[in-house]
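The values are calculated or read from the model by the stated rules, or taken from the named source; none is laboratory data. The shown structure was predicted, so the numbers you read here are calculated from the model rather than taken from an experiment. Cβ sites come from the backbone with ideal geometry, for glycine too, and all protein chains shown count toward neighbours. Please note that ligands, DNA and RNA were not included when accessible areas were found on the heavy atoms of the full protein model with its side chains. Shrake-Rupley method; radii C 1.70, N 1.55, O 1.52, S 1.80 Å.
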Amino acid sequence: EVQLQASGGGLVQAGGSLRLSCAASGFTFDDHAIGWFRQAPGKEREGVSCISSSDGSTYYADSVKGRFTISSDNAKNTVYLQMNSLKPEDTAVYYCAAGSRQDSGNYYCRRGGYGMDYWGKGTLVTVSS
């Protein structure tokens, strides 16, 4: 069965760090573009960071550049999002998703994940001031 599981969220003070993990089963990440998305109350879902398996290119939202890093471990079929220097405005439910277009990480991220094939349950990140 295809499954995508995000974990690692929690409560952290501003300036702190968290690492989110997304583990896949039933398919392999290396044939997909992978993305992290988030949704906060009153806001639309937005692409935070995505990676294209075709060439490893990455995308980051302007709001997280220099603070977040996406990476993958093919042996574990897992993708990570390292989040540093967290701000209260980073508070949101974070989702991991996969799309069949291997070269379209940027495309998926800029459109809030529209067209992505697999979605997991989100993990809540709360950043206190």
Residue in the stretch 97-111 that is in contact with a Lys or Arg (Cβ under 8 Å, 6 or more places away or on another chain) and closer than 24 Å to GLN3 by Cα present: yes
Hits in the stretch 7-43 - residues which are touching a Leu at 6+ places or on another chain (Cβ under 7 Å) and within 14 Å of LYS76 (Cα to Cα): CYS22, ALA24
Total residues in the stretch 93-113, condition under 14 Å from PHE37 (Cβ atoms) and either open to solvent by 60 Å² or more (accessible area, probe 1.4 Å) or aromatic (Phe, Trp, Tyr) (or both): 6
Every residue from the stretch 17-45 that is within 18 Å of VAL93 (Cβ to Cβ) and in a loop (DSSP other than H, G, I, E, B): ALA40, PRO41, GLY42, LYS43, GLU44, ARG45
Odd one out for TYR118, checked against (1) within 13 Å of PHE37 (Cα to Cα); (2) open to solvent by less than 40 Å² (accessible area, probe 1.4 Å): (2)
All positions within the stretch 64-92 that are in contact (Cβ under 8 Å) with a residue 60 or more places away in the chain, under 12 Å from the mean Cα position of the chain (by Cα) and open to solvent by less than 50 Å² (accessible area, probe 1.4 Å): TYR80, LEU81, MET83
